[in-house]
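Since the structure comes first, as structure tokens, the remarks are kept for the end.
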Amino acid sequence: MRIFDPHIHMTSRTTDDYEAMRAAGVRAVVEPAFWLGQPRTSPASFFDYFDSLLGWEPYRAAQYGIAHHCTIALNPKEANDPRCLPVIEELPRYLVKDSVVAVGEIGYDSMTPAEDHALAAQLQLAADHGLPALVHTPHRDKLTGLRRTLDVVRESALPVDRVLVDHLNETTVKEAKASGAWLGFSVYPDTKMDEDRMVAVLRAHGPERVLVNSAADWGKSDPLKTRKVGDAMLRAGFSEDDVDLVLWRNPVAFYGLSGRLDLTPVDAPATHEGNSILRGGE
């Protein structure tokens with residue numbers, strides 16, 4: 001089973017996780033820019049973080065034979081903090097980087113006017129740079145959030161078929177699918193979707209244009225949830241081709257819209273800017 005996790009926050013994970021992911025079949029990941037878990041106090045902290053997504057994390061992933069790409073954006077939660085808004089003006093210098101395959105995560109957290117502005121501005125940046133967009137739908141009042149998201153997308157210069165609407169569930173999948181957007185599902189141990197619910201959604205709506213991710217971050221999450229979904233699909237009677245479509249070909253097709261996705265195996269460099277993942281040895 002080959003797996004492409006299209007949304008996983010590896011900055012928050014250990015090298016042991018990379019090793020376990022490789023053993024489970026993960027060969028590629030996309031890491032979206034997201035919030036720190038506590039307030040950032042200046043744009044400079046974003047820029048150091050973006051640099052790590054472009055340098056240190058691809059290096060760490062390569063040590064385990066995993067191709068690493070990222071998406072760059074001001075995330076919805078921090079779009080509400082005036083200290084963070086200058087980040088949007090600096091995004092173009094990151095959006096031209098080869099390993100940036102989408103603008104994201106953008107979208108809604110609390111559906112505020114500030115989030116409206118950030119979403120519209122960053123959809124325009126995606127259109128300007130020829131990139132697709134990864135859109136975060138809110139964790140609360142999800143159907144209202146989805147509808148508002150789709151309204152803003154339709155008013156933007158970015159076609160809806162270049163948008164991945166993420167964090168969907170049973171209440172939002174039908175309308176998201178009808179819109180023509182790509183469909184993203186985050187599978188967690190206790191919240192959002194689980195393996196059995198994901199299988200039920202796939203039975204009801206089919207595997208086309210569906211991407212399943214672990215979204216694993218610093219909270220309670222599991223970087224092997226993609227593999228667990230694949231195993232659950234097989235147990236439920238889906239074919240190996242269905243599993244490959246959901247866990248590999250769909251994410252390749254979506255992020256391939258960027259023209260930058262490179263899944264060619266490369267030799268892992270020994271160090272990144274003189275630093276290594278090894279400790280206590282040469």
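The residues neighbouring Glu31, those whose beta-carbon lies less than 11 Å from its own, together hold a net charge of -2 under the Lys/Arg +1, Asp/Glu -1 convention. Would you mind classifying the stretch 158-250 by shape? Square roots of the alpha carbon gyration tensor eigenvalues, ordered a ≥ b ≥ c; an a/c under 1.5 is rounded, otherwise it is prolate if a/b is larger than b/c and oblate if not. Oblate, since a/c reaches 1.5 and b/c is not below a/b. Residue exposure proxy: Ser99, Ser52, Ser214, ordered by other Cβ atoms within 10 angstrom of their Cβ from fewest to most, comes out as Ser52, Ser99, Ser214. Using alpha carbon centroids, what distance separates the stretch 39-73 and the stretch 248-271, in Å? Centre-to-centre distance over Cα atoms comes out at 15 Å.
Positive end of the dipole of the stretch 3-256 (Cβ unit charges, origin at the Cα centre): among Pro39, Pro113, Asn213, the Cα lying farthest that way belongs to Asn213.
Of the residues Thr144, Thr226, Thr71, the one that moves most in a GNM of the chain with alpha-carbon contacts below 10 Å is Thr144.
The mean sequence distance of close C-alpha pairs (under 8 Å, at least 6 residues apart), as a share of the length of the chain, puts its relative contact order at 21 percent. Projecting the Cα positions of Val201, Ile66, Cys84 onto the charge dipole of the chain (unit charges on Cβ atoms of Lys, Arg, Asp and Glu, taken about the Cα centre) puts Val201 furthest along the positive direction. A Cβ-based charge dipole, computed about the Cα centre of the stretch 207-282 with Lys and Arg at +1 and Asp and Glu at -1, lands at about 300 debye.
Only DSSP H runs of four or more residues enter the estimate; each adds -39500 (n - 2.57), and after division by the residues of the chain the mean residue ellipticity at 222 nm equals -11000 deg cm²/dmol. For the pair His117 and Ala200, a Förster radius of 22 Å applied to the C-beta separation gives a FRET efficiency near 0.05, rounded to the nearest 0.05. A prolate overall shape is assigned to the stretch 1-74, the ratio a/c of its alpha-carbon gyration tensor axes (a ≥ b ≥ c) being 1.5 or greater and a/b exceeding b/c.
No lab work stands behind these numbers, since they all come straight from the coordinates. What you see is a predicted model; the values in this text were computed from it and never measured. Methodologically, a virtual Cβ is constructed for each residue, glycine included, from the backbone with ideal geometry; neighbour enumeration extends over all protein chains shown.
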